[in-house]
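Notes follow the structure.
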């Protein structure tokens with residue numbers, strides 16, 4: 001079973017990713033890993049923290065001579081801001097006057113709920129772990145999963161569909177456009193529609209001017225996934241339910257859509273289903289000769305991938321830390337005050353899309369390993385090749 005966990009605090013010494021269940025002999029490309037982490041840091045509307053951090057994946061275990069070795073993979077990402085927080089967040093007791101308590105909970109954050117849950121007198125410890133800084137560790141895990149999927153011809157990328165009230169005008173997007181976006185050396189809002197990206201930027205500028213924040217929608221597309229991942233047999237094994245849970249686990253994501261699920265809810269059935277055809281000469285990368293006129297289902301039917309691109313959207317609420325703080329209550333006095341302010345972003349939709357890619361890549365890598373097995377990459381590829389032959393001969 002492929003699984004991962006993360007550890008670390010936002011202003012702690014480092015973030016840690018522990019990934020286990022990865023087969024042996026998967027090539028690991030450090031430059032690719034660091035580029036994925038760099039992509040998560042980019043985007044118009046990011047805050048001052050991203051000027052401090054230079055995220056890089058340091059492999060502690062599980063990779064030797066450029067390949068995975070079948071044992072748990074441990075990855076460390078240093079927090080450069082730790083130098084500014086060593087005395088405020090020491091492991092030992094430290095000096096109380098140097099601590100930096102979060103005295104008033106911020107609406108929309110985990111501050112109050114977490115403080116109540118763990119019986120903390122203030123919310124510093126809650127903020128440190130609930131922070132979206134943790135998503136960097138997820139991107140590291142997802143990057144390794146992407147390297148595995150790459151060996152099977154599966155790619156996972158994202159783009160921004162909307163920021164605030166500004167939405168892209170593209171109904172569908174060629175995957176090649178996402179490849180081009182992912183290789184840019186300067187990221188604005190990671191939108192394939194240049195005109196819409198300009199309108200999105202205006203939304204960020206307005207939020208910045210007014211001391212507010214802005215959310216949006218990102219779309220993750222998995223290209224080249226075979227039919228047959230996931231199952232309809234049990235509720236928790238359905239591929240769409242796993243993807244929805246994975247994206248909902250990301251900080252600030254409040255809704256998830258598979259394909260055109262939201263529009264489908266208010267449309268007649270004749271305008272929702274993807275009609276099926278067949279060709280005896282399938283295109284180069286096709287798994288079967290079965291074709292679709294559309295992909296409104298987002299590549300998943302009945303909890304099972306159907307061979308079309310897998311399309312998942314994450315709906316991101318605006319970041320909860322506002323430079324124009326909302327009303328709150330002081331933890332100690334219970335008196336009304338303005339919510340605490342911590343250095344924060346105005347818009348993180350492009351970064352959330354990269355974190356979304358990581359979660360989708362993890363779910364698909366786990367589904368691939370569940371279906372095809374293999375303790376090493378050569379064994380996995382043999383099993384996968386046999387399944388491709390089965391599909392061709394269907």
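The values are calculated or read from the model by the stated rules, or taken from the named source; none is laboratory data. No experiment lies behind these values; they were computed from the predicted model shown. Here Cβ is always computed from backbone atoms with ideal geometry, including for glycine, and neighbour counts include all displayed protein chains.
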query: For residue 256, which of the numbered conditions (1) over 20 Å from residue 149 (Cα atoms); (2) in contact (Cβ under 8 Å) with a residue 60 or more places away in the chain; (3) in a strand (DSSP E or B) fails to hold?
result: (2)
message: Name the residue that is nearest to residue 174 (Cα to Cα), counting only residues in the range 265-295 that are assigned to a loop (DSSP other than H, G, I, E, B) and over 31 Å from the mean Cα position of the chain (by Cα).
response: 282
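Just the residues that are in a helix (DSSP H, G or I) and surrounded by fewer than 19 Cβ atoms within 10 Å (Cβ to Cβ), please, taken from the range 183-196.
Looking only at the range 183-196, we keep the residues that are in a helix (DSSP H, G or I), and these are 194-196.
Hits for the range 183-196 are 194, 195.
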- prompt: Just a yes or no: is a residue in the range 64-72 touching a residue at least 60 places away in the same chain (Cβ under 8 Å), surrounded by 15 or more Cβ atoms within 10 Å (Cβ to Cβ) and within 30 Å of residue 349 (Cβ to Cβ)?
  reply: no
field: Of residues in the range 256-288 being within 18 Å of residue 310 (Cβ to Cβ) and touching a strand residue (DSSP E or B) at 6+ places or on another chain (Cβ under 7 Å), the one surrounded by the fewest Cβ atoms within 10 Å (Cβ to Cβ)
entry: 276
field: Selection status of residue 9, part of a loop (DSSP other than H, G, I, E, B) and either out of contact with any strand residue (DSSP E or B) (no Cβ under 6 Å at 6 or more places or on another chain) or in contact (Cβ under 8 Å) with a residue 12 or more places away in the chain (or both)
entry: yes
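From the list 139, 156, pick out the single residue that is at pLDDT 95 or above and not in a helix (DSSP H, G or I). Can you show your working first?
Working: 139 fails: not in a helix (DSSP H, G or I).
Step by step, each of 139, 156 is checked, and only 156 is at pLDDT 95 or above and not in a helix (DSSP H, G or I).
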Only one of 169, 142 that is buried (at least 22 other Cβ atoms within 10 Å of the Cβ), out of contact with any strand residue (DSSP E or B) (no Cβ under 7 Å at 6 or more places or on another chain) and either touching a residue at least 12 places away in the same chain (Cβ under 8 Å) or over 30 Å from residue 208 (Cβ atoms) (or both): 142
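Filter the range 1-27 down to residues that are under 21 Å from residue 246 (Cβ atoms) and buried (at least 19 other Cβ atoms within 10 Å of the Cβ), then give me how many there are.
Residues of the range 1-27 under 21 Å from residue 246 (Cβ atoms): 1-8, 15-23, 26.
Applying the additional criterion that residues be buried (at least 19 other Cβ atoms within 10 Å of the Cβ) yields 2, 4, 6, 8, 15, 17, 19, 22-23, 26.
Going through the range 1-27 one residue at a time, the tally reaches 10.
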message: Looking only at the range 220-253, how many residues end up being surrounded by fewer than 15 Cβ atoms within 10 Å (Cβ to Cβ) and outside any loop (DSSP other than H, G, I, E, B)?
response: 4
statement: Of 118, 44, the only residue that is over 27 Å from residue 379 (Cα atoms) and free of Cβ contacts under 8 Å to residues at least 40 places away in the same chain is 118
- request: Could you pull out the residue among 57, 78, 88, 14 that is under 25 Å from residue 367 (Cβ atoms) and touching a residue at least 40 places away in the same chain (Cβ under 8 Å)?
  value: 57
query: Say we look at the range 318-334 and pick out the residues that are touching a helix residue (DSSP H, G or I) at 6+ places or on another chain (Cβ under 9 Å) and surrounded by fewer than 17 Cβ atoms within 10 Å (Cβ to Cβ); which of these is nearest to residue 218 (Cα to Cα)?
result: 323
- request: Could you list, in sequence order, all residues of the range 197-219 that are exposed (fewer than 15 other Cβ atoms within 10 Å of the Cβ) and closer than 22 Å to residue 354 by Cβ?
  value: 198
query: Quick check, is residue 34 touching a strand residue (DSSP E or B) at 6+ places or on another chain (Cβ under 7 Å) and within 30 Å of residue 164 (Cα to Cα)?
result: no
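Take the residues in the range 101-123 that are in a helix (DSSP H, G or I) and in contact with a helix residue (DSSP H, G or I) (Cβ under 9 Å, 6 or more places away or on another chain), then tell me which one is surrounded by the most Cβ atoms within 10 Å (Cβ to Cβ). Before you say what the answer is, go through the steps one by one.
So in the range 101-123, the residues in a helix (DSSP H, G or I) come out as 111-118.
Imposing the further condition that a residue be in contact with a helix residue (DSSP H, G or I) (Cβ under 9 Å, 6 or more places away or on another chain) reduces the set to 111-115, 117-118.
Details: 111: 25, 112: 17, 113: 13, 114: 17, 115: 20, 117: 10, 118: 10.
Only one residue tops the list, namely 111.
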field: Single unsatisfied condition, residue 298 versus (1) more than 30 Å from residue 10 (Cα to Cα); (2) in contact with a strand residue (DSSP E or B) (Cβ under 6 Å, 6 or more places away or on another chain); (3) not in a loop (DSSP other than H, G, I, E, B)
entry: (3)
- line: The condition from (1) at pLDDT 95 or above; (2) farther than 22 Å from residue 1 by Cβ that residue 359 misses is numbered (2)
task: Quick one: which residue in 312, 337, 346 is at pLDDT 95 or above and either crowded, with 24+ Cβ neighbours inside 10 Å or assigned to a loop (DSSP other than H, G, I, E, B) (or both)?
output: 312
- request: Test each condition in (1) in contact with a helix residue (DSSP H, G or I) (Cβ under 7 Å, 6 or more places away or on another chain); (2) in contact (Cβ under 8 Å) with a residue 12 or more places away in the chain; (3) closer than 30 Å to residue 383 by Cα for residue 250 and report the one that comes out false.
  value: (3)
message: Looking for something in contact (Cβ under 8 Å) with a residue 12 or more places away in the chain, under 15 Å from the mean Cα position of the chain (by Cα) and assigned to a strand (DSSP E or B) - is there at least one such residue anywhere in the range 197-217?
response: yes
